[in-house]
1. Of 113, 363, 215, whose Cα points farthest to the positive end of the dipole of the chain (charges on the beta-carbon: +1 Lys, Arg; -1 Asp, Glu; origin at the Cα centre)?
2. Rounded to the nearest 500, what is the 222 nm mean residue ellipticity of the chain from helices alone, with -39500 (n - 2.57) per DSSP H run of 4+ residues and division by all residues?
3. Give the order of 146, 309 when sorted by the count of other beta carbons within 10 angstrom, beginning with the fewest.
4. With the contact rule set at Cα under 8 Å and sequence spacing of 6 or more, what percent relative contact order holds for the chain?
5. For the Cα atoms of the chain, what angle does the longest principal axis make with the long axis of helix 306-318, in degrees from 0 to 90, nearest 10?
6. Just list whichever of 376/453; 142/169; 416/453; 245/317; 36/317 have alpha carbons separated by over 20 Å in the model shown.
7. Dimensions of the chain along principal axes (Cα, Å, largest first)?
8. Please compute, for the alpha-carbon atoms of the stretch 375-480, the extent along each of the three principal axes and give them in descending order in Å.
Amino acid sequence: MTSPIGKPRKVIPIAPVTSAPTLKGEAVSSLYEAQKKIYPRSISGVFARWRWVMVILTQLVFYGLPWLEWGQRQMVLFDLGARRFYIFGLVLYPQDFIYLTALLIISALSLFLFTAVAGRLWCGFACPQTVYTEIFMWIEHKIEGDRSARLRLDSSSWKFEKIWKKTVKQSLWVIFSVWTGFTFVGYFIPIRELGVELLALQGGWQIFWVLFYGFATYGNAGFLREQVCKYMCPYARFQSAMFDKDTLIVTYDEVRGEPRGPRIKTVDYKAKGLGDCIDCTLCVQVCPVGIDIRDGLQYECIGCGLCVDACNNVMDKMNYPRGLIRFSTQNGVAKGWNQSQIFRRVMRPRVLIYSSVLVALCAAMLISLLSRTPLKVDVVRDRAALSRIVAGGKLENIYRLQIMNATEVLQRYRIKARGLDGLEVVSDPEIKIDGAQSRWVAVRLQIPYGSAKPGSHAVEFDIEAIDSDTRLVEKSVFLVPR
Ligand code: SF4
Ligand code: SF4
């Protein structure tokens with residue numbers, strides 16, 4: 001059988017059919033088999049350390065950002081109620097959703113590029129599922145001990161030690177989950193106000209969402225864990241389309257390792273026909289998704305590198321060269337390439353295409369953001385009075401302008417109009433709008449009666465900020481009746 005990633009591997013049934021006895025003693029087939037709990041063993045090494053660096057960095061940003069202020073407001077706030085996103089100095093309105101769309105496309109392309117170059121490093125080091133599972137497992141490890149202690153505890157009867165350890169672990173998990181839910185909701189509701197409301201047990205919806213996201217954190221990181229990666233995450237399924245033989249993956253060097261087998265350190269294992277793998281199964285015991293990398297590349301592998309650390313530690317103890325399991329490429333392993341030969345293949349056509357599109361998109365978004373006018377205007381014609389003759393022999397059209405001040409300070413705007421002889425703004429041409437606010441304004445345009453032919457005439461509204469050089473021109477029409 002060919003794996004989704006292209007390398008032949010063992011056929012492993014996903015859910016073996018099991019039989020269960022009925023009341024009458026007959027056996028019925030069940031298509032469901034309960035997931036076996038995985039007890040990953042702790043390991044130290046380069047990749048284990050990098051995983052923790054990523055946990056700390058990502059969580060410092062996640063938990064810290066909502067508490068930072070920018071002027072009088074939260075630095076990053078997605079205020080859905082007011083339909084405004086505040087990101088550092090930027091205020092984005094619904095009209096700016098093009099930037100969020102561009103951001104999503106850039107994120108997707110970055111993931112494609114990253115996957116083509118470095119496989120599933122995102123999954124193994126930075127994905128929230130991985131990061132939170134790591135934190136939950138750390139709490140579990142601190143309270144219940146390492147793999148063998150946890151196995152012993154789970155198979156023991158419910159005595160005092162088991163009860164207190166499980167109670168403390170679950171309590172810490174719940175507290176951490178609720179705090180995560182609170183922080184997440186704090187990106188959508190000002191976090192300080194949210195905290196005050198929750199402490200006063202006010203705000204039913206706020207409490208609901210905090211508990212909802214807290215429950216999602218607990219469920220995904222405490223209960224489902226690797227099953228999210230294996231069965232729920234779509235990325236694991238379509239990544240094979242982005243892999244090729246020059247993509248960095250975690251590989252087991254079968255030529256060097258096989259035939260595997262136990263031996264004592266001093267024996268000449270090569271004379272006995274053995275490979276470098278001593279079959280200690282440490283690489284399997286540390287694997288957070290419970291696979292054996294020696295079976296070949298599998299879609300379940302999240303590229304966390306813990307089996308690399310485990311095997312390198314074993315190789316050190318045996319005085320064998322490191323790298324029996326290592327980050328390499330399929331071409332690198334098959335052709336025995338060294339690191340520089342592997343890295344030379346990074347700049348291949350698909351990587352260049354992804355990179356060029358990504359750079360072009362980032363540059364376009366940056367230019368657009370830098371040249372963005374902090375003023376938005378929507379012009380709507382007043383449908384109640386299309387055109388009318390008013391005192392003084394003038395013909396009048398009425399419009400409604402929605403003016404949005406996308407800066408964070410009060411602005412004064414002057415409204416002018418042009419496009420017809422004698423066209424003038426007869427309503428108040430000057431208006432004030434507070435920072436990050438919008439206002440509907442009725443604007444009356446008049447021309448001398450008879451100065452324009454009957455029909456529809458293009459006109460332009462020219463809105464300029466009096467205290468800055470911001471200016472915007474919006475088109476509309478002036479109707480002259482027959
Ligand atoms: S096989 Fe290795 S790299 Fe893959 S998930 Fe398991 S421990 Fe991580
Ligand atoms: S850790 Fe290394 S030596 Fe031990 S079983 Fe795995 S591949 Fe073989």
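Since every read-out is calculated from the coordinates, none of them should be taken as a lab result. Just so you know, these numbers come straight off a predicted model, no measurement behind them. Positions of Cβ are generated from backbone atoms using ideal geometry, with glycine treated the same way; all protein chains shown enter the neighbour counts.
1. It is 113, whose Cα lies furthest towards the positive end.
2. Values: 15 runs with 181 residues, N = 482.
Taken over the chain, the calculation gives -11500 deg cm²/dmol.
3. Going from least to most buried by this count: 146, 309.
4. Details: 742 pairs, mean separation 66.0, N = 482.
Relative contact order, the chain: 14 percent.
5. 30
6. On the way: 376/453 32 Å; 142/169 9 Å; 416/453 22 Å; 245/317 32 Å; 36/317 31 Å.
The pairs that break the limit, which is 20 Å between Cα atoms, are 376/453; 416/453; 245/317; 36/317.
7. So the three principal-axis extents are 111, 57, 53 Å.
8. 44, 26, 22
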